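Structure first, commentary second.
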Amino acid sequence: MDLKLSIVKILVLEDNKFILSIIQAALKVYDSQIYLAADQHAAVEMFKELQPEIVISDLHMDEGTSWGFLEMVKSYKRDKVLVVSSDFELLGKVEDEISLEGWQFVSKNNRKWLMQIQLAVKSFFSASPIALGN
């Protein structure tokens, strides 16, 4: 039987273009295809079309929060989700109310937030095998 593995798709939702470019650069070390969304509406459309294995989402957006996007991601039962925010209280609320087992949370207030994002993505790759092609 010939198994063909596909490249892992990572969807990143971040409305700050500078931070988005930093995250994109940090993720280039992984064997993945990185898709970038600058707002929640684009992220929803991209998620539905691409069905990414890993999702990284900023929480606090210029247009409010990405709460609706994250609830939609949860309905697809994705467990490789990283939620990033500078609003620690809101980050805790998402963790308590809508997260699934396997979701990870990073505060941008921590000076090592980018390293924490890299470690979280690394853990997604090294944890149980990512279901490819779903």
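Laboratory data are not the source of any read-out in this text; all were calculated from the coordinates shown. Quick caveat: nothing in here was measured; it's all calculated off a predicted structure. Positions of Cβ are generated from backbone atoms using ideal geometry, with glycine treated the same way; all protein chains shown enter the neighbour counts.
A compact table of results
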item	result
Some residue of segment 61-73 being of a type in the set (A, V, I, L, M) and closer than 23 Å to R111 by Cα	yes
So E45, is it acidic (D, E) and buried (at least 19 other Cβ atoms within 10 Å of the Cβ)	no
Selection status of Q51, polar (S, T, N, Q), free of Cβ contacts under 8 Å to residues at least 24 places away in the same chain and more than 15 Å from L27 (Cα to Cα)	no
Which numbered condition M61 misses (of (1) among the aliphatic types (A, V, I, L, M); (2) free of Cβ contacts under 8 Å to residues at least 40 places away in the same chain; (3) surrounded by 17 or more Cβ atoms within 10 Å (Cβ to Cβ))	(2)
Where S123 falls short, out of the listed (1) among the hydroxyl-bearing types (S, T, Y); (2) more than 14 Å from the chain's Cα centre (by Cα); (3) loosely packed, with under 15 Cβ neighbours inside 10 Å	(2)
Residue list for segment 60-69, restricted to those being in contact with an Asp or Glu (Cβ under 7 Å, 6 or more places away or on another chain) and closer than 20 Å to K9 by Cα	S66
Qualifying positions in segment 48-89 - among the hydroxyl-bearing types (S, T, Y) and over 17 Å from Y35 (Cβ atoms)	T65, S75, S85, S86
Count of segment 64-106 residues which are in contact (Cβ under 8 Å) with a residue 40 or more places away in the chain and either among the β-branched types (V, I, T) or surrounded by fewer than 20 Cβ atoms within 10 Å (Cβ to Cβ) (or both)	1
Unique residue being over 16 Å from E14 (Cα atoms), of a type outside the set (S, T, Y) and in contact with a helix residue (DSSP H, G or I) (Cβ under 6 Å, 6 or more places away or on another chain) when the list is K93, K80	K80
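Here's the yes/no breakdown for (1) surrounded by 13 or more Cβ atoms within 10 Å (Cβ to Cβ); (2) in a strand (DSSP E or B); (3) of a type in the set (S, T, Y):
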{"site": "L11", "(1), (2), (3)": "yes, yes, no"}
{"site": "A26", "(1), (2), (3)": "yes, no, no"}
{"site": "V29", "(1), (2), (3)": "no, no, no"}
{"site": "I56", "(1), (2), (3)": "yes, yes, no"}
